[in-house]
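Below you'll find the structure, written out as structure tokens, and then a few comments.
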Amino acid sequence: MHLRTLVIERDDPDEPGLRIRRYARIGVCWEPTMGNWAWMRFNLAGQALTPVVGPFPAADPAFEDALAQLGGHWEGMVPVDVIA
């Protein structure tokens with residue numbers, strides 16, 4: 001299984017000017033029963049939540065789909081809007 005940490009930030013609706021940062025652990029693996037790559041989110045206990053099965057041709061497109069559905073950026077990578 002390939003693992004990455006997704007960082008999701010948004011404005012705090014209750015306190016203007018503050019940001020809320022959440023972390024999501026995302027795993028991608030080959031799902032042999034379906035014959036496709038799948039991604040899933042994990043909770044703090046390491047239990048898989050909300051599996052999403054492709055069709056994804058490889059692991060990277062599965063990670064891209066997780067990013068598109070959940071938003072945010074991968075930990076250790078600077079978001080594009082911060083660079084600009």
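The values are calculated or read from the model by the stated rules, or taken from the named source; none is laboratory data. In this text, all values refer to a predicted model and were calculated from it rather than measured experimentally. Here Cβ is always computed from backbone atoms with ideal geometry, including for glycine, and neighbour counts include all displayed protein chains. These area figures cover heavy atoms from the full protein model, side chains too; ligands, DNA and RNA do not enter into them. Shrake-Rupley method; radii C 1.70, N 1.55, O 1.52, S 1.80 Å.
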Given +1 on the Cβ of Lys and Arg, -1 on the Cβ of Asp and Glu, and no further charges, what dipole in debye does the chain carry about its Cα centre, rounded to the nearest 20? 260 debye
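Could you please state how large a percent of the accessible area of the chain is carbon and sulfur, counting protein chains only and using a 1.4 Å probe?
Carbon with sulfur: 56 percent of the solvent-accessible area.
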Computed [θ] at 222 nm, deg cm²/dmol, the chain (DSSP H ≥ 4; -39,500 (n - 2.57); rounded to nearest 500): -5000 deg cm²/dmol
Between helix 59-70 and the chain: long-axis angle, C-alpha atoms, 0 to 90°, nearest 10: 40 degrees
Write down the accessible area per residue of the chain in Å², having rolled a 1.4 Å probe over the full set of protein chains. 69 Å²
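Let's test the formula: R0 of 35 Å, r as the Cβ-Cβ distance of W74 and E15. What FRET efficiency results, to the nearest 0.05?
After rounding to 0.05, the efficiency reads 0.85.
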